[in-house]
1. Whose amide H sits under 5 Å from the amide H of Val123, counting only residues 5 or more places off or on another chain, with H placed in the peptide plane?
2. About its Cα centre, what dipole magnitude does the chain give when the only charges are +1 on Lys and Arg Cβ and -1 on Asp and Glu Cβ, stated in debye to the nearest 20?
3. Name the long-range amide H neighbours of Phe156: under 5 Å, sequence gap of 5 or more, or other chain; modelled H, no Pro or chain starts.
4. Show me, for region 91-106, the HN-Hα J-couplings you get by feeding each phi into the Karplus relation (A = 6.51, B = -1.76, C = 1.60, θ = phi - 60°), rounded to Hz, glycine and proline as x.
5. Sum -39500 (n - 2.57) across every DSSP H segment of at least 4 residues in the chain, then divide by the residue count to get the 222 nm mean residue ellipticity, nearest 500.
6. So if each residue of separation counts as 0.36 nm, and I subtract the Cα-Cα distance between Asn165 and Val193, what length gain in nm does that give?
7. Using the Karplus curve 6.51 cos²θ - 1.76 cosθ + 1.60 with θ = phi - 60°, work out ³J(HN,Hα) for each residue of region 134-148 in order, rounded to whole Hz, and write x for Gly and Pro.
8. Roughly speaking, what is the centre-to-centre gap between region 28-90 and region 104-181 when only Cα atoms are used, to the nearest Å?
Amino acid sequence: MVYLVEQSTDPRCCPVFNWIGDPYYFRDMPHETPPGTRLVVEGFPRVLEIESSHTTLPDFFLLSGKYAVSSKTKDILEELEPGVHQFIPIVLKKKSGEPFEGKFYVLHPRSAVDAIAPELSDVSIHTTPGGRVTMRLSKVNPKLTSYKSKINGRHFWTGDESFSNLFFSSDEFFQKIQNEKLIGFKFIPMSVV
């Protein structure tokens, strides 16, 4: 089995942070780095301060368009796919100015593949102004099916031409997250053909 991976909607898993300093990095970079491409980290903001009232942090959560992971999540990904993904160290500060306990990273998945079987999934086909054919989810809670041949050996990936803003995982990744009781993840089961 494979999974669509989203952030949990449980309020304790949804801290709100603000980047400290001038976030020029995000204004000057292209809207989206091509999937699978290494992010240029020169100038990447590294410090954020919490805005919400959270006193503890989950192991997977959204930070202004990027996802953050705990060192425990990073360790699982590195165990399953050593050297594949990019992890940018960040400092997450409490309202007091003290850093939160533990190490956190911005996660940039570098495994990108379009593996969704459109004929077996709730998707619609679109052609971009540039002529690229892409898929979009056609329902809020879509049925998704993935081609096994395209994801063999992968444990955490994003889409390439389609769904580059979504994350997917193997059952092995799911099981390790469950075994370690890590929080912040919402796993939506998908079929495989």
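1. Ser138
2. It comes to approximately 160 debye.
3. Those lying under 5 Å, H to H, from Phe156 are Ser170.
4. Taking θ as phi minus 60°, the curve returns 10, 10, 9, 6, 4, 6, x, 6, x, 5, 5, x, 9, 9, 9, 7 Hz for region 91-106.
5. For the chain, the value works out to -3500 deg cm²/dmol.
6. Result: 7.8 nm gained on full extension.
7. Working through the residues one at a time gives 10, 10, 9, 5, 9, 9, 5, 10, x, 7, 10, 10, 10, 7, 4 Hz.
8. Centre-to-centre distance over Cα atoms comes out at 18 Å.
The values are calculated or read from the model by the stated rules, or taken from the named source; none is laboratory data. From a predicted model like this one, the values you see are computed outputs, not experimental measurements. Backbone-built Cβ (ideal geometry, glycine too); neighbour counts: all protein chains shown. Quick note on the areas: whole protein, heavy atoms, side chains included, nothing else; ligands and nucleic acids left out. Shrake-Rupley method; radii C 1.70, N 1.55, O 1.52, S 1.80 Å.
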